[in-house]
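Some notes on the structure that comes next.
The values are calculated or read from the model by the stated rules, or taken from the named source; none is laboratory data. All values reported here derive from a predicted model rather than from experimental measurement. FYI the Cβ positions are ideal-geometry reconstructions off the backbone, even for glycines, and counts take in every protein chain you see.
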Amino acid sequence: MNTKCKALAVATTIIVALAQTSQATPINGNIGFAGSVTLNAGTVAAATGVVANGWNGTQVTVASTSGTFTVVPAGTPVVMNSSAWTFGTGLANFWSIPSILPTYTFTLISSSIQPSSPGFLNILLSGTVSDGVPADTSALYGSLTIHDPPANGVTTFTESLSFHSQPNTTPDGGTTVMLLGAAFSGIALLKRKLIA
């Protein structure tokens with residue numbers, strides 16, 4: 001085997017090995033929260049957002065989990081972003097759960113108010129969740145459903161701030177890179193045979 005073919009074979013082996021170790025771990029499942037929020041108006045019909053520190057009236061906690069999130073016990077405190085949030089916009093670090101490992105953090109990319117019955121507000125949320133490993137970031141979708149009557153502007157929600165993962169976020173485990181490496185090896189062998 002000539003030096004070029006040996007070098008190609010070694011490079012292919014290294015690429016395949018690195019691809020196997022760098023695969024992301026998908027984050028999947030559901031997580032629901034319970035707590036309260038202070039809106040910027042006295043009714044949900046007039047509200048356009050959450051006031052600064054509006055999630056801190058009473059503590060927001062994890063209410064339910066499934067999938068990857070089952071490592072988070074019910075009742076675990078959730079840290080909500082303390083910035084004011086206008087419905088229809090995104091917000092970095094919308095929520096995080098720093099008291100457990102892995103530390104899950106959700107970045108809200110977009111939100112939209114959905115039509116609902118009088119006295120109810122339903123906001124669809126879309127963003128990404130990370131467990132602290134940059135490669136493990138996955139798409140996450142959710143909704144916030146709140147209803148009148150608020151008590152002193154504070155609206156309580158129970159298990160209605162919920163999130164679920166996109167079903168098809170599982171990486172292929174390196175199969176594509178392995179097939180690509182095999183194809184390059186085959187081309188190198190074919191080239192060698194044609195030159196000989």
Checked against (1) in a loop (DSSP other than H, G, I, E, B); (2) surrounded by fewer than 14 Cβ atoms within 10 Å (Cβ to Cβ), T70 satisfies every condition except (1)
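Name the residues in region 94-110 that are in a loop (DSSP other than H, G, I, E, B) and surrounded by fewer than 16 Cβ atoms within 10 Å (Cβ to Cβ), would you? Break it down into steps so the answer makes sense when it comes.
Our first condition is that a residue be in a loop (DSSP other than H, G, I, E, B); within region 94-110, this holds for 98-103.
Once the filter is applied, which keeps residues that are in a loop (DSSP other than H, G, I, E, B) and surrounded by fewer than 16 Cβ atoms within 10 Å (Cβ to Cβ), region 94-110 yields P98, S99, I100, L101, T103.
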Condition met for T38 (in contact (Cβ under 8 Å) with a residue 12 or more places away in the chain, β-branched (V, I, T) and either in a loop (DSSP other than H, G, I, E, B) or over 14 Å from L144 (Cα atoms) (or both)): no
Report yes if S185 is at pLDDT 75 or above and small (G, A, S), otherwise no. no
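So is T61 surrounded by fewer than 17 Cβ atoms within 10 Å (Cβ to Cβ), among the polar types (S, T, N, Q), within 18 Å of H164 (Cα to Cα) and in the same structural domain as A34 (by TED's automatic domain parsing) or not?
Taking the combined requirement at face value, the residue satisfies it.
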Of these, N152, N93, which one is modelled with pLDDT under 85, on the phi > 0 side of the Ramachandran plot and assigned by TED's automatic domain parsing to the domain that holds T68? N152
Cβ-Cβ distance below 7 Å, separation of 6 or more or different chains: which pairs start in region 128-145 with a residue that is outside any strand (DSSP E or B) and end on one that is small (G, A, S) and surrounded by fewer than 18 Cβ atoms within 10 Å (Cβ to Cβ)? A135/S22; A135/A24; D136/A24
